[in-house]
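Each value in this text was obtained by applying a stated rule to the coordinates, not by laboratory testing. Here the structure is a predicted model, which is why all the values come from computation and not from measurement. With ideal geometry, Cβ positions are generated from the backbone for all residues, glycine too; neighbour counts draw on all protein chains shown.
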Amino acid sequence: MPDLDLLTIALLLLAGLTAGWIDAVVGGGGLIQLPALLLVPGISPVQALATNKLGSIMGTATSSITYARRVKPDLTTAGPMAVAALAGAVGGAALASSIPAAAFKPIILVVLVGVALYTILKPSLGDRTRLRWEGNGHRWAAAGIGVVIGAYDGLLGPGTGTFLVISLVGMLGYAFLPASALAKIVNFATNLGALLFFVPHGAVIWSLGLAMGVANLVGGYVGARMAVARGSRFVRVVFVVVVGALICRLGYDVITS
């Protein structure tokens, strides 16, 4: 645990709380929590990524349970998607220390701009569920999405929930609210997969991660309840805002690097 003053600890807890809320509604909490950890003196990028996963998994666990009780997501989709995502996250985490994040950021930036335009130009997108496949085809498509986004989460992380939501909406045909519910279950699996690699390698700062995890848990609970109460239209608006913030963040990183 780095030697931190009370103001820094308070700001980190606030980042965890806000990240938990954003993650619960639409994903993308890593946009706040991971950069906050990277600013802490004495923490390496891999330690920041690993500690971020510990904080995030507590929030995604809480929001997953809240959504499961109130939205009742399709577990026949969530199951194979989560297992595939967990495997992908382990592989991505194994590559996290060997592949520079800067190599991926321009590609992710272009994808996010496309996602934002696609969402804004299709006002009816995600207003109700219209599944594009049934049966095994649907489950295989979900698993394919899971393994790709899981690998991204283990490797980089920020925006994972956002990518899950837009994939479930745009590719599989879910409305925004059930997509967000499914995304939380899968995001829990990706966080777990990354931790399965990071914990044995001693990369997690436990005291800091658990403290931020409690804040993340509170934010996740409040965010999930708010999303359920306000429905898909509210989730869609938050989604567009978070994607815009991700574009600004990654655009700044690409320009400055």
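State, as an integer percentage, the relative contact order of the chain based on alpha-carbon contacts under 8 Å between residues 6 or more apart.
Details: 470 pairs, mean separation 102.0, N = 257.
Here the relative contact order equals 40 percent.
What whole number of Å gives the distance from the Cα centroid of region 120-161 to the Cα centroid of region 187-251?
For region 187-251 versus region 120-161, the Cα centre distance is 17 Å.
For the pair Ala229/Ile120, report the inter-label distance in nm, with labels modelled 7 Å from Cα in the Cβ direction.
Distance between label points: 3.0 nm.
Taking only DSSP H segments of four or more residues, each worth -39500 (n - 2.57), what value at 222 nm results for the chain once the sum is divided by all its residues, to the nearest 500 deg cm²/dmol? Display every interim value, and only then the final one.
Details: 9 runs with 199 residues, N = 257.
Theoretical 222 nm ellipticity from helices: -27000 deg cm²/dmol.
Among Met226, Met212, Met81, which one shows the highest mean-square fluctuation when the chain is modelled as a Gaussian network with alpha-carbon springs under 10 Å?
Result: Met226 has the largest fluctuation of those listed.
Residue separation times 0.36 nm, minus the C-alpha to C-alpha distance between Ile9 and Val148: what's the value?
So the extension gain works out to 46.6 nm.
Give me the one-decimal nm value for the distance between modelled label points at Glu134 and Val113, 7 Å along each residue's Cα-to-Cβ direction.
Label-label distance for Glu134 and Val113, simple model: 4.1 nm.
Report, ordered by chain and residue number, the lysines lying within cross-link reach of Lys53, taken as a straight Cα distance under 23 Å and ignoring same-chain residues fewer than 8 apart.
Within the straight-line limit of under 23 Å, Lys53 reaches these lysines: Lys105, Lys184.
Would you mind ranking Leu131, Leu210 so that the residue whose beta carbon has the fewest other beta carbons within 10 Å leads the list?
Values: Leu131 11, Leu210 14.
Ordered from fewest to most neighbouring Cβ atoms within 10 Å, Leu131, Leu210 come out as Leu131, Leu210.
In a GNM of the chain with a 10 Å cut-off on Cα contacts, which of Phe234, Phe163, Phe188 has the highest mean-square fluctuation?
The residue that fluctuates most here is Phe234.
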